[in-house]
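One structure, as structure tokens, below. Some questions next.
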Amino acid sequence: MESLEFRNVLTTNILPYWLRLQDKENGGFYGQVLADETVVRNANRGAILYGRILWTFSAAYRVLGNQEYLEAAVNAKNYILEHFIDKQFGGVYWELDYLGHPVNDRKQFYALGFTIYGLTEYIRATGDTSVLQTAIDLYRYTETHAWDNEKGGYVEATQRDGSPINDFRLSEKDVNAPKSQNTHLHILEPYTNLYRVWPNEELRQSIIRMIAVFKNHIVQPSGHLGLFFDYNWNVLQRSGLSAEGGLVSCGHDIEFSWLLDEACEVIGVNEDELVLRVAMAAKEGLQPNGLMEGTWWEQCETIIGYTNIYHRFGGEEHKTIAERCWEATQQHFIDHEHGEWWEYARRQATGDGRQAADKAGFWKCPYHNSRLCLQLISYNS
């Protein structure tokens with residue numbers, strides 16, 4: 001797998017698609033594109049989508065230096081600051097309408113994490129520290145309103161003013177649990193990036209404390225991550241899918257492995273044993289045809305994760321896993337005709353090879369596949 005190959009996918013397939021989705025009339029980016037390439041111009045806009053778009057174009061500009069990417073990053077950054085930041089209570093709104101008005105003002109800490117991730121990558125890319133205080137404020141908001149001082153870890157959500165909420169779910173398919181591995185994973189990720197631009201000891205201790213939460217509560221004896229937990233860190237289960245009393249996501253396992261390794265490198269600690277243990281457990285999700293559980297984001301994290309394991313610890317089998325997954329990705333996920341990637345493997349697609357799922361939307365963002373390309377460019381440079 002060569003750097004040029006990933007550079008070409010990034011610059012000819014993924015980023016041009018998203019550049020076309022900029023809303024020249026209302027600012028920002030459109031909130032949805034259907035499977036048939038219809039742009040839903042009046043679709044609602046999610047904080048996750050915008051944080052990920054900001055991260056993507058900032059990182060692409062940092063690596064490739066294309067002025068169009070910088071302009072897109074500025075567009076996303078300005079929209080977040082103007083519309084998503086709650087200037088009264090702090091944090092970010094979960095969802096806006098297409099005119100930028102809040103339609104769901106809950107504080108989902110997963111979304112705060114991605115906003116921090118995008119803002120800090122913008123700082124890395126541009127050197128513009130004017131948004132640093134906003135990123136720090138979001139960090140402090142998370143520590144104040146989400147950290148469980150009694151049992152440890154971060155709760156999923158609060159109401160707009162920081163008061164308790166009854167429905168914690170990120171989406172309807174999730175368990176209504178006060179704590180999850182997914183939110184912790186995507187707080188670890190932005191905190192690591194924040195430390196790169198703000199090497200503050202309090203932040204470093206927050207990251208160390210979070211790693212301890214993974215070790216003591218989230219990573220199960222099998223090496224898999226538990227997915228949903230109550231306040232006391234009991235694993236919550238859902239009918240039909242269980243392992244050690246709860247759910248398993250091998251895609252999240254391998255994503256955690258390399259994000260943990262990255263965090264350890266940035267703050268100067270060593271968790272090699274845990275990095276390897278979770279990566280080895282994640283292999284259970286691999287299929288002989290090179291697919292990891294069937295979605296585009298799982299393919300991306302698998303390729304990054306096992307490439308990281310290969311570069312850090314060796315083992316030709318890890319390189320082979322990454323190569324096989326990339327071959328399957330090109331065959332089953334990349335839309336070579338219209339640009340961007342399908343959410344699900346084409347073997348599950350409709351007769352014309354396209355998905356019922358959105359090409360772009362609340363969750364379908366350019367971050368996983370762009371990050372794959374950028375990471376593989378860096379590994380091979």
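Exactly one of these conditions fails for TYR98: (1) out of contact with any helix residue (DSSP H, G or I) (no Cβ under 9 Å at 6 or more places or on another chain); (2) open to solvent by 50 Å² or more (accessible area, probe 1.4 Å); (3) free of Cβ contacts under 8 Å to residues at least 60 places away in the same chain. Give me its number.
Of (1) out of contact with any helix residue (DSSP H, G or I) (no Cβ under 9 Å at 6 or more places or on another chain); (2) open to solvent by 50 Å² or more (accessible area, probe 1.4 Å); (3) free of Cβ contacts under 8 Å to residues at least 60 places away in the same chain, only one is false for TYR98: (3).
Hey, another quick one. Which members of segment 1-49 meet the condition of being farther than 30 Å from ASN380 by Cβ, of a type in the set (Ser, Thr, Tyr) and touching a residue at least 12 places away in the same chain (Cβ under 8 Å)?
The one that is farther than 30 Å from ASN380 by Cβ, of a type in the set (Ser, Thr, Tyr) and touching a residue at least 12 places away in the same chain (Cβ under 8 Å): TYR30.
Return only the number of the condition from (1) farther than 22 Å from LEU49 by Cα; (2) open to solvent by 10 Å² or more (accessible area, probe 1.4 Å) that GLY153 does not satisfy.
Just one mismatch for GLY153, condition (2).
LYS364 fails exactly one of the following numbered conditions: (1) touching a residue at least 12 places away in the same chain (Cβ under 8 Å); (2) in a helix (DSSP H, G or I). What is the number of that condition?
(2)
List the helices (runs of 4 or more DSSP H) inside segment 1-91, counting only whole elements, that have at least 2 residues being β-branched (Val, Ile, Thr) and either at positive phi or surrounded by 17 or more Cβ atoms within 10 Å (Cβ to Cβ) (or both). Before the answer, list the steps.
Values: elements: 3-9, 15-19, 47-64, 67-79.
Because the criterion is at least 2 residues that are β-branched (Val, Ile, Thr) and either at positive phi or surrounded by 17 or more Cβ atoms within 10 Å (Cβ to Cβ) (or both), the helices (runs of 4 or more DSSP H) in segment 1-91 that meet it are 47-64.
Can you pull out the residues in segment 39-64 that are basic (Lys, Arg) and under 15 Å from ASN193 (Cβ atoms)?
Pass one, segment 39-64, residues basic (Lys, Arg): 41, 45, 52, 62.
Hits for segment 39-64 are ARG52, ARG62.
Now for a separate question. Out of curiosity, is GLU293 acidic (Asp, Glu), within 17 Å of TRP258 (Cβ to Cβ) and in contact with a Phe, Trp or Tyr (Cβ under 8 Å, 6 or more places away or on another chain)?
Details: acidic (Asp, Glu): yes; within 17 Å of TRP258 (Cβ to Cβ): yes; in contact with a Phe, Trp or Tyr (Cβ under 8 Å, 6 or more places away or on another chain): no.
The answer is no for GLU293.
To continue, here is another question. Can you spot a residue in segment 95-112 that is touching a strand residue (DSSP E or B) at 6+ places or on another chain (Cβ under 6 Å), outside any helix (DSSP H, G or I) and among the acidic types (Asp, Glu)?
So far as segment 95-112 goes, yes, one or more of its residues are touching a strand residue (DSSP E or B) at 6+ places or on another chain (Cβ under 6 Å), outside any helix (DSSP H, G or I) and among the acidic types (Asp, Glu).
From the set of residues in segment 343-352 that are touching a helix residue (DSSP H, G or I) at 6+ places or on another chain (Cβ under 7 Å) and open to solvent by 10 Å² or more (accessible area, probe 1.4 Å), which is modelled with the highest pLDDT?
The initial filter retains those residues of segment 343-352 that are touching a helix residue (DSSP H, G or I) at 6+ places or on another chain (Cβ under 7 Å), namely 343, 345-347.
Remaining after also requiring open to solvent by 10 Å² or more (accessible area, probe 1.4 Å): 343, 346-347.
Values: GLU343: 92, ARG346: 67, ARG347: 46.
Only one residue fits best here, namely GLU343.
Being open to solvent by less than 10 Å² (accessible area, probe 1.4 Å) and out of contact with any Ser or Thr (no Cβ under 7 Å at 6 or more places or on another chain) is the filter here, so list the residues in segment 119-135 that pass it.
THR120, VAL131
So, one more: Which is part of a helix (DSSP H, G or I) and surrounded by fewer than 20 Cβ atoms within 10 Å (Cβ to Cβ), of ILE208, ILE187? Full working, then the answer.
Values: ILE187 fails: surrounded by fewer than 20 Cβ atoms within 10 Å (Cβ to Cβ).
When all the criteria are applied, what remains is ILE208.
Something else now. For segment 268-283, give me the residue count where each residue is open to solvent by less than 10 Å² (accessible area, probe 1.4 Å) and under 21 Å from GLN205 (Cβ atoms). Give the steps one after another, and end with the answer.
Start the filter on segment 268-283 by keeping residues that are open to solvent by less than 10 Å² (accessible area, probe 1.4 Å), which leaves 274-275, 278-279, 281-282.
Then drop every residue that is not under 21 Å from GLN205 (Cβ atoms), which leaves 274-275.
Qualifying residue count, segment 268-283: 2.
Right, another one. Where the second residue is outside any helix (DSSP H, G or I) and open to solvent by less than 10 Å² (accessible area, probe 1.4 Å) and the first is among the aliphatic types (A, V, I, L, M) and lies in segment 118-140, which pairs have Cβ atoms under 8 Å and are six or more apart or on separate chains?
What qualifies is LEU138/GLY91; LEU138/VAL92.
Same structure, new question: Based on this model, can you work out whether ASP161 counts as out of contact with any Ser or Thr (no Cβ under 7 Å at 6 or more places or on another chain), open to solvent by 20 Å² or more (accessible area, probe 1.4 Å), in a helix (DSSP H, G or I) and over 23 Å from GLY27 (Cα atoms)?
On the way: out of contact with any Ser or Thr (no Cβ under 7 Å at 6 or more places or on another chain): yes; open to solvent by 20 Å² or more (accessible area, probe 1.4 Å): yes; in a helix (DSSP H, G or I): no; over 23 Å from GLY27 (Cα atoms): yes.
Considered against the rule, which asks whether it is out of contact with any Ser or Thr (no Cβ under 7 Å at 6 or more places or on another chain), open to solvent by 20 Å² or more (accessible area, probe 1.4 Å), in a helix (DSSP H, G or I) and over 23 Å from GLY27 (Cα atoms), ASP161 comes out as no.
What are the pairs, 6+ residues apart or on separate chains, where a residue within segment 68-91 that is within 29 Å of THR11 (Cβ to Cβ) and among the basic types (Lys, Arg) has its Cβ under 6 Å from a residue that is buried (at least 23 other Cβ atoms within 10 Å of the Cβ) and modelled with pLDDT of 95 or more?
Partner pairs satisfying both residue conditions: LYS77/LEU54; LYS77/TYR122.
The values are calculated or read from the model by the stated rules, or taken from the named source; none is laboratory data. Worth saying up front: this structure is predicted, and the values here are computed from it rather than measured. Glycine also receives a Cβ, built like all others from the backbone with ideal geometry; neighbour counts cover every protein chain displayed. Ligands, DNA and RNA are excluded from the accessible area calculation, which covers all protein heavy atoms including side chains. Shrake-Rupley method; radii C 1.70, N 1.55, O 1.52, S 1.80 Å.
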